[in-house]
Amino acid sequence: METTKNKTVSEEQAITHGENHNIGNGGFLVSPCPPGTVFTREQLNEEQLEIGKVTYDFCKSKVASCPHDLDKKPVDDDGTPVLVKLFREAAEQGLVSAAIPEEYDGLGMDLMTDMFVSENLCRFHASFSVTCIAHLGIGTKPILLFGTEEQKKKYLPKLASGEYMGCYALTEPGSGSDALSGRTEARLEGDHYILNGSKQFITNGGWADVAVVFTRIEGKYSALIVDLDLEGVSRGAEEKKMGIKGSSTTTLTFDNVKVPKENLLGKLGDAANIALNILNIGRLALGFAVQGGARTVINTTIKYIKERKQFGRSLAEFDMQLAKLADMSVRLFGIESINFRTAAPIDEKINEQKSQDFSAESLIQAVRSFAMESSICKVEGSEAQYNICENAVKMHGGYGYTSEYSVEREFRDCIINMIYEGTNDINRLVIFDFLVRNIYSGGIPYRVFTEEVQQALRTRQFNYAYREVAFEEEKKSVYAAKYAVAYLVEKAILRYGKDISNQQQVIEHISDMLIHLYVVDSVIARCHYLKDHGNYGEVEEAIAKVTTIDRLEQIRTLARRAIWDVSHDYDVDRSREDLEWLLSHTEYNENVFPLKRVIGQAVLEKEQYYL
């Protein structure tokens, strides 16, 4: 076992190579890049690949080839919305019940398979995917994880079969991101809760059969399972939206609705526990969902630029377009790397519990330990997809701005992903908040790591103590960036103390640095795995190098801005000097132009995103 060369850190405390790569809680910040030991897309097993293919084939044949314009909410001859019909057909294939246990008529798949299904459900049309993802995630998982045995037996089989469509009623007019401040109320009268109030922006609101509704009961914010055919339930008009126009988004209003008291979900006052844990799972699921949509956008753009002629040549022959295609592919490679890296150890924790005394609480705890990383997956995934769609529109030129080409819709559709599951601004606060909590709770060996950083600053010696067999320069530079970020986090906490939560500009900068670190760390680890297993070449090397160059450059910029604010006036010069010394070891530069040509050409030759 190797230890750091920092003599002030005991052997027992030392961070060993790869030891912390799966601990979650932000452990990636205080550990060296894992030596090819994280889970990657390339490690999916045959069963997972098969159900992914079934999902993809269904969506390609039924959704992508649908003769109707789904954005116009078409209805079938019998008056059934076409999207509802497609949802039920997907349910018949088991595509909306992967995570539901077999005893409730689901497929009983693990979290990784559930996430991979989500990716493939989102390949072709966001309105369809939103309908399905909302059902199988926030519409179903609250009952799966927090329901009584009777509630599970009553609702899960119907949700699994598609007989019921689920929805999640949390947001209220005026509450916005402060979702737990709702005013909907329910009072117990005999055997029923009498529910009154209104919920807003409810995905599947116009079509759902059952909702998880958050409400105050005896002054405690709680949750009820509400059948939406009960007297007193009314649905508002469909919202007129920028994107995902084909999905249903309405208000739900409850006027003296009698809800059986046995439909209380969890305990009185459990709303925060239910809502926040479902959000943790939903953020990871959204990370997988956007990578499915992003892949299709890249493939669509490749086809277009190969066929489109300008100045006597195809667009694919122009160097600037090739570079854009490379940027899109690098971003997708990055979000794949963090998503699979995050989901796998959650499954590992769940499987450990299954061999003992598995319960829904085990899954909740496993997901919670990766809540910070799940928020990173959500933020980076949604913003990467936005960037990919933006480039696709630009590369289509004027046609990209018309509804004749799908990228116009895909660009509008993707924006909602930066709002779903907590806005990206809120998630940046969540990322920093979870890091601070894990620092104070000892969830990660942060104190040991910062001692290592301080020792390096005192001696002005950066001793990278790990003997690398692959990507040594990249890993060393990234480790130095972790020094710099940990240094800034410590300065921010010391500077502001309990008031740090109000310093949102600083938090935003630090959270962005953490996001960049997690992406570059995961990309290098994935490429290391590919190298170890013979599935590696100049494309993967180019992706690793471009990612390292881009992410470290952004970290340096953010760090230099943040240091002014986290330092006291009397020590800002010394702090900037220390930071610059740390950042000097993050310098990693090569000519990115030929690297992007390698990536772009490889994608063009395969006529799809390179994997």
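Throughout, read-outs are computed from the coordinates displayed, never taken from laboratory work. Not measured: the values here are computed from a predicted model. Neighbour counts run over all protein chains shown; Cβ positions are idealised from the backbone, glycine included.
Any chance you could give the angle, 0 to 90 degrees and rounded to 10, that helix 371-396 forms with the longest Cα principal axis of the chain? Between helix and principal axis, roughly 90 degrees.
Oblate is the label for the chain, because a/c, from the alpha-carbon gyration tensor with a ≥ b ≥ c as root eigenvalues, is 1.5 or above and a/b does not exceed b/c. Can you figure out the FRET efficiency of HIS192 with THR402, using R₀ = 35 Å and their beta-carbon distance, to the nearest 0.05? FRET efficiency, HIS192 to THR402: 0.05.
If a/c stays under 1.5 just call it rounded; otherwise compare a/b with b/c (prolate if a/b is bigger, oblate if not). Do that for the range 167-270, with a ≥ b ≥ c from the square roots of the Cα gyration tensor eigenvalues. It is prolate, given that a/c is not under 1.5 and a/b is the larger ratio. With the helix formula -39500 (n - 2.57) applied to DSSP H stretches of n ≥ 4, the chain reaches a computed 222 nm mean residue ellipticity of -18000 deg cm²/dmol. Peptide packing for 184-192, 267-275 was compared via the average number of neighbouring C-beta atoms within 10 Å per residue; ordered from the highest value, the list is 267-275, 184-192. Residue separation of GLU307 and ILE415 scaled by 0.36 nm, minus their Cα-Cα distance, works out to 36.1 nm of gained length.
Note on ARG183 and ARG576: their simple-model spin labels are 5.0 nm apart, each label 7 Å out from Cα toward Cβ. 3J(HN,Hα) couplings calculated from phi for the range 65-77 with the Karplus curve 6.51 cos²θ - 1.76 cosθ + 1.60 (θ = phi - 60°) are, in sequence order, 9, 4, x, 8, 7, 4, 5, 8, 6, x, 10, 6, 4 Hz; Gly and Pro show x. Arranged from fewest to most other beta-carbon atoms within 10 Å of their beta carbon, ILE302, ILE415, ILE376 become ILE415, ILE302, ILE376. Relative contact order of the range 272-425: 35 percent, from C-alpha pairs under 8 Å at least 6 residues apart in sequence.
Between ASP77 and LEU276, the contour length at 0.36 nm per residue exceeds the Cα-Cα span by 67.6 nm. Counting lysine pairs in the range 200-289 whose alpha carbons fall under 22 angstrom apart, excluding pairs fewer than 8 residues apart on the same chain, gives 4.
Annotated for the range 272-425: lysine pairs at least 8 residues apart or interchain, Cα distance under 29 Å, count 12. Label reach from GLU262 (point 7 Å along Cα→C-beta): in the range 128-148, amide nitrogens under 18 Å belong to 143-144, 146-148. For PHE370, PHE201, the sequence from fewest to most other C-beta atoms within 10 Å is PHE201, PHE370. For the range 444-606, the tally of Lys pairs with Cα-Cα distances below 16 Å comes to 7, considering only residues 8 or more apart or on different chains. Each Cα pair under 8 Å and six or more residues apart adds its separation to the average, and for the chain the resulting relative contact order is 17 percent. 3J(HN,Hα) along the range 82-97, derived from phi through the Karplus expression 6.51 cos²θ - 1.76 cosθ + 1.60 where θ = phi - 60°, amounts to 4, 5, 5, 4, 4, 4, 5, 5, 5, 5, 4, 7, x, 7, 10, 9 Hz, with x in place of Gly and Pro. About its Cα centre, the chain has a charge dipole of approximately 1100 debye under the convention of +1 per Lys or Arg Cβ and -1 per Asp or Glu Cβ, with nothing else charged.
Between TYR440 and LYS498, the contour length at 0.36 nm per residue exceeds the Cα-Cα span by 19.7 nm. Rounded to 0.05, the FRET efficiency of the ASN351 and GLU472 pair, given R0 = 41 Å and the Cβ-Cβ distance, is 0.80.
Working note: Karplus 6.51/-1.76/1.60 with θ = phi - 60° gives the range 27-41 the couplings x, 4, 5, 10, 10, x, 4, x, x, x, 10, 8, 6, 10, 3 Hz, where Gly and Pro are set to x. Relative to one another, the C-alpha centroids of the range 54-99 and the range 423-492 are positioned 46 Å apart. As a proxy for reagent exposure, ranking TRP564, TRP207, TRP581 by other Cβ atoms within 10 Å from fewest up yields TRP564, TRP581, TRP207. In this simple spin-label approximation, SER175 and GLU218 carry label points 7 Å from Cα along the Cα→Cβ vector, and these lie 2.0 nm apart.
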